[in-house]
Amino acid sequence: MNEWKRCEETVTMAAPDTVQAGPDQIGARVKRLRVERGLTQRALAEPGYTAAYVSTLEAGKTNPSEAALRYFAERLKVTYEELAVGVPAGLRTEIREGLAEAQRLMDREGRTEPAESLLRDLIDRAATHELTDLVAELRVTLGSFLLRHGALTEGREQFEQAEALLADQPLTARVRAIRGRATAHY
């Protein structure tokens, strides 16, 4: 095993983004989920909170506490994470399983088109939920697939996009994207 391959296998991409969204984003999410479930502000709020608090929350005028978010998440039948950051439960796992499936299609079965198509779909899903660490990881994988099949320009573009997504991350998080771009140039 060459030194680059070993480095690639031991370095992971950026850590998951688990920062709570802003009050306006949370408020919009609460309102959307409440309306989808046919609840009034009072029905959502009671007995722990008031309808006025829910109104203020939905308007984005207050930054809810973790306790409030957990309360409303339970009432809305979603996870705390989905309410706080907008990422549905299990999405990260589904995307990682899809990534493993794409790698299996490519490595074991040599099925290029389905693997590339799956990766592009996964990139879209991860980007929709602003999971930049996963988008970057998927782009690096897609870039590697493209390089293997002679699509150097498109592969390099995938590495560049991944590197741009990780620009504020430490070098260890960006190394696979940088290595891929360098390989494409070479």
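The values are calculated or read from the model by the stated rules, or taken from the named source; none is laboratory data. Note that this is a predicted model, so its numbers are computed, not measured. So basically every Cβ, Gly included, is an ideal-geometry build from the backbone, and we count neighbours across all protein chains shown. Only protein heavy atoms, including side chains, enter the accessible area calculation; ligands, DNA and RNA are left aside. Shrake-Rupley method; radii C 1.70, N 1.55, O 1.52, S 1.80 Å.
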Failed criterion for Arg70 (all others in (1) within 30 Å of Arg179 (Cβ to Cβ); (2) modelled with pLDDT of 90 or more hold): (1)
Those residues of region 65-111 which are among the hydrophobic types (A, V, I, L, M, F, W, C) and more than 21 Å from Val135 (Cβ to Cβ), in sequence order: Ala67, Ala68, Leu69, Phe72, Ala73, Leu76, Val78, Leu83
Single match in Gly22, Gly98 (criterion: within 30 Å of Val140 (Cα to Cα), small (Gly, Ala, Ser), at pLDDT below 85 and out of contact with any strand residue (DSSP E or B) (no Cβ under 7 Å at 6 or more places or on another chain)): Gly22
Region 130-163, residues that are over 20 Å from Met106 (Cα atoms), part of a helix (DSSP H, G or I) and open to solvent by less than 70 Å² (accessible area, probe 1.4 Å): Thr132, Asp133, Ala162, Glu163
Selection from region 166-179 of residues that are buried (at least 23 other Cβ atoms within 10 Å of the Cβ), of a type outside the set (D, E, K, R) and out of contact with any Leu (no Cβ under 7 Å at 6 or more places or on another chain): Leu166
Flag if Ala126 is over 14 Å from the mean Cα position of the chain (by Cα) and either hydrophobic (A, V, I, L, M, F, W, C) or under 30 Å from Val30 (Cα atoms) (or both): no
Residue that is nearest to Phe145 (Cα to Cα), among those in region 118-129 that are open to solvent by 40 Å² or more (accessible area, probe 1.4 Å) and touching a residue at least 24 places away in the same chain (Cβ under 8 Å): Arg125
